[in-house]
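One structure is given below, encoded as structure tokens.
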Amino acid sequence: MTRTGRCLCGDVSYELSGDPIATVVCHCDHCQRQSGGAFSLNMVAHESQLSIDGTLQTYVETGENDDGTYVNRKFCGTCGSPIVSELVATEGVVAVKVGTLDDRSDIAPAAEVWCVDKQPWVELASIQMSMDRE
Ligand SMILES: [Zn+2]
Ligand SMILES: [Zn+2]
């Protein structure tokens, strides 16, 4: 199926085609800061499944990862909505921010990562797999 999404102001819209690889909650400190929420909800997919209409700005996050991996966080330059992150360690794989999809009512996460940074009050009913790190 093809899903559509957009940023808050509408300058950037996108289509995500086919089935995602996984839907994953990330509890990492950086996702909390970028989203302003307690965690990020991501649809992980191949870059080729995503087509973007509009111009995204990129924040290259080198972060605190000891192994040197980093993430390109792409967002709308007008309204600041985070749209997608490129996972540089796994080339060609992107994480689309589920909160920007037009219909996200049927999307429940199956896995959560970076549980080391998870807020103590967060309990997610659908989770099947939890990992301390990515
Ligand atoms: Zn926008
Ligand atoms: Zn994260």
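Every number here is computed from the coordinates shown, using simple stated rules; none is lab data. Since the structure is predicted, the reported quantities are computational estimates derived from the model, not experimental observations. Please note: Cβ atoms are built from the backbone with ideal geometry, for glycine as well, and neighbour counts cover all protein chains shown.
At-a-glance table
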quantity: Using θ = phi - 60° and Karplus 6.51 cos²θ - 1.76 cosθ + 1.60, couplings along the range 21-27 (whole Hz; Gly, Pro as x); calculated: 5, 6, 10, 10, 8, 10, 9
quantity: Listed residues VAL94, SER81, LEU41: farthest to the positive end of the dipole of the chain (Cβ charges); calculated: SER81
quantity: Fully extended contour minus Cα-Cα distance, from ALA38 to GLN119, at 0.36 nm per residue; calculated: 28.5 nm
quantity: Long-range amide H partners of LEU8 with built H, under 5 Å; calculated: SER81
quantity: Translational diffusion of the range 37-126, µm² s⁻¹ [Kirkwood Rh, Cα pairs; Stokes-Einstein; 10 °C; 1.306 mPa s]; calculated: 109 µm²/s
quantity: Sequence-separation-based contact order of the range 68-134, relative, with Cα cut under 8 Å and 6+ spacing, percent; calculated: 21 percent
quantity: Helix-only [θ]222 nm of the chain, DSSP H runs n ≥ 4, -39500 (n - 2.57) each, per residue, nearest 500; calculated: -1500 deg cm²/dmol
quantity: Label-point gap, in nm, between THR2 and ALA22 - each point 7 angstrom along Cα→Cβ; calculated: 2.8 nm
quantity: Relative contact order of the chain, defined on C-alpha pairs under 8 angstrom at six or more residues apart (%); calculated: 28 percent
